[in-house]
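What follows is a single structure, written as structure tokens, with notes after it.
The values are calculated or read from the model by the stated rules, or taken from the named source; none is laboratory data. What you are looking at is a predicted structure, and each value in this text was computed from that prediction instead of being measured. Positions of Cβ are backbone-derived with ideal geometry, glycine not excepted, and every protein chain shown enters the neighbour counts.
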Amino acid sequence: HGAAELEETGTEALPRRTPAPAWLPTAKGEEGDFCLRSSDCAAGLCCARHFWSKICKPVLREGQVCTRHRRKGSHGLEIFQRCQCAEGLACRLQREHGPADTSRLHTCQRH
């Protein structure tokens, strides 16, 4: 019964919520702030790779160039990642107006 007593006193002594490490920002990150995941960033931003770290970048709006991933897992190979398109938009091949429809550019477009 000695171990049970230690366990009870041990849990009571711990704070209810573990404080965040000092290097983690307490407020949501703004554009350009370092992050680990998108939930670290303010609304309208995502956490994406920029060189060898990750920063908060803006979610893409209609008409902006986006990255279409052909192979699953290829997103991790990019040095400069882009955020996904905003809600209600999809990353689609841009339609060119003219005889030479050779553009491989993808943009965020309405569904």
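Here are the numbers for this structure:
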{"read-out": "Subset of segment 41-67 [within 14 Å of residue 91 (Cβ to Cβ), part of a loop (DSSP other than H, G, I, E, B), over 11 Å from the mean Cα position of the chain (by Cα) and of a type outside the set (Asp, Glu)]", "value": "61, 63, 64, 66, 67"}
{"read-out": "Selection count, segment 68-104, where residues are modelled with pLDDT of 90 or more, surrounded by 11 or more Cβ atoms within 10 Å (Cβ to Cβ) and either under 30 Å from residue 52 (Cβ atoms) or hydroxyl-bearing (Ser, Thr, Tyr) (or both)", "value": "9"}
